[in-house]
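Laboratory data are not the source of any read-out in this text; all were calculated from the coordinates shown. Not measured: the values here are computed from a predicted model. Quick reminder, even Gly has a Cβ in these numbers, built from the backbone with ideal geometry, and neighbours come from all protein chains shown.
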Amino acid sequence: MIWSDKKILAAIAKGEIVIEPFDRKHLGTNSYDVHLGKYIARYKDHILDARAHNAIIHDEIPEEGFLLHPNTLYLGVTLEYTETHSSVPFLEGKSSVGRLGIDIHATAGKGDVGFCNHWTLEISCTHPVRVYAGMPIGQLIYFGVDGEIENYYNKKASAKYNQVQVRPMESMMWKNDF
């Protein structure tokens, strides 16, 4: 079940959810709004290789915004650092963002219990559109977990995205054995 605003606030009070910075006005009925951080990245090469470490180019979003172009994958990051210790977080785009033709994730909308970091966004768009640091970009919803947890994400030796970053993180697929 999706957690209500009161359940989210209770989990924050117990330290089961951490959102920094937290502002009560961004808490919805059953979600918390997150915002686009000041860094955006794109891959250096046009052709990517799943077995290679594909380099990215970081940009800081200027005051006048950053223009996104169709047919380009951008990696953004949430302004908010989050931790979840007893629930499964899901990140969904805000409808106002979707109505601009912006998708904020290709496949990675679900977090793991124990995820402690800023969220990297997989941004694409259907039309050229200008985005701004600090703009509302998505919303986190939380689901309860049934049963005890053996492997928290932040304690897994194999976790590839545990190093706290305020910049978007590129794919670490190349670290997998295949």
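Some notes on this structure:
- Cβ-based net charge around Thr78, under 14 Å, with every Lys or Arg adding one and every Asp or Glu removing one: -4
- HN-Hα J in Hz across segment 36-49 - Karplus 6.51, -1.76, 1.60, θ = phi - 60°, x for Gly and Pro: 6, x, 8, 10, 9, 9, 8, 6, 5, 9, 6, 9, 9, 10
- Per-residue extension of 0.36 nm, minus the Cα-Cα distance of Leu73 and Gln165, leaves a gain of 31.2 nm for this segment.
- Radius 14 Å from Cβ of Ser95, net charge of other residues (Lys, Arg +1; Asp, Glu -1): -1
- Using a Förster distance of 41 Å, the FRET efficiency for Ala52-Arg99 (Cβ separation, nearest 0.05): 0.70
- Most tightly packed first, judged by the mean number of other beta-carbon atoms within 10 Å of their residues, the peptides 77-86, 12-21, 162-171 read 77-86, 162-171, 12-21.
- Directionally averaged projected area (convex hull, Cα atoms, segment 5-175), nm²: 10.3 nm²
- Mean Cα-pair separation over length for segment 77-178, i.e. relative contact order, pairs under 8 Å, 6 or more apart, %: 35 percent
- Sorted on the mean count of surrounding Cβ atoms within 10 Å across their residues, most packed first, peptides 97-107, 61-71, 119-129 read 119-129, 97-107, 61-71.
- Beta bridge orientation in the chain: antiparallel %, DSSP, nearest 5: 100 percent
- Inter-centroid distance (Cα atoms) of segment 40-56 relative to segment 70-97, Å: 20 Å
- Per-pair calculated FRET efficiency, R0 = 22 Å: Tyr152 and Asp33 via Cβ, rounded to 0.05: 0.30
- Other residues with beta-carbon under 14 Å from the beta-carbon of Gly114 carry, at +1 per Lys or Arg and -1 per Asp or Glu, a net charge of -1.
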